[in-house]
1. Determine the distance separating the Cα centre of segment 5-84 from the Cα centre of segment 91-113; give it in Å without decimals.
2. What are the radius of gyration and Dmax of segment 24-95, computed over its Cα atoms and given in Å?
3. Between Thr10, Pro94, Thr22, whose Cα lies farthest towards the positive end of the dipole of segment 8-106 when Lys and Arg beta carbons carry +1 and Asp and Glu beta carbons carry -1, centred on the Cα centre?
4. Of the cross-linked pairs Lys18/Lys112; Lys19/Lys123; Lys18/Lys52; Lys48/Lys112, which ones have a Cα-Cα span greater than 19 Å in the structure shown?
5. Mind listing which trypsin sites (Lys or Arg not before Pro) in segment 33-70 are in a DSSP loop and have 13 or fewer other Cβ atoms within 10 Å?
6. Among [x] 1.12; [y] 0.96; [z] 1.17, only one was calculated for this model; which label is it, if the read-out is Cα Rg over 2.2 N^0.38 Å?
7. When a footprinting reagent is the concern and you count Cβ atoms within 10 Å, what order do Val46, Val62 take, fewest first?
8. Report the charge-dipole magnitude of the chain in Debye, nearest 20, computed about the Cα centre from +1 at each Lys and Arg Cβ and -1 at each Asp and Glu Cβ.
Amino acid sequence: MEIRDNVLYTETHEWVLKKDGTARIGVTDHAQETLTDVVFVELPDVGKEFKKGDVLATLESVKSVAEVYSPLSGTIQSVNERLHNEPGLINSSPYDEGWLVEMRIQDEGELKELLSPEAYAEKIE
């Protein structure tokens with residue numbers, strides 16, 4: 001199971017990569033393994049605002065439906081349009097090609113509440 005050193009994590013298995021006031025958000029390798037084959041992704045509209053903890057996206061797999069929670073408060077800047085036709089990217093490349101959204105961060109202080117890679121690794125062991 002892959003855990004990246006350059007990202008932060010949530011207890012609900014989302015990851016955050018911060019860059020210049022923007023956060024790229026996706027689901028972890030652990031989450032995609034638990035879901036198995038993702039067949040449909042419902043993403044939010046660009047410009048929509050979220051509070052930390054809101055449902056950000058919905059992932060449907062062959063065995064279940066999972067909600068993805070916003071790890072931060074902010075406004076959606078872009079969504080990964082490729083996932084509409086290639087939802088399996090979440091399984092094959094959860095940290096790279098399978099990202100979900102990019103969000104303008106409203107409160108950078110919320111980043112301090114996220115888990116380090118080490119803390120996340122301990123949680124899923």
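1. Cα centres, segment 5-84 to segment 91-113: 7 Å.
2. 11.7, 31
3. The residue sitting farthest along the positive end of the dipole is Thr22.
4. Violating the 19 Å Cα-Cα cut-off are Lys19/Lys123; Lys48/Lys112.
5. Working: sites: Lys48, Lys51, Lys52, Lys63; in loops: Lys48, Lys51, Lys52, Lys63.
Loop-located and lightly packed - Lys51, Lys63.
6. Evaluating Cα Rg over 2.2 N^0.38 Å on these atoms matches [y].
7. Ordered from fewest to most neighbouring Cβ atoms within 10 Å, Val46, Val62 come out as Val62, Val46.
8. Around 260 debye, computed over the chain.
Read the figures in this text as sums done on the coordinates, not as results from a lab. Everything numeric here is computed off the predicted structure, so don't read it as measured data. Ideal geometry is used to build each Cβ from the backbone, glycine not excepted, and the neighbour counts take in all protein chains shown.
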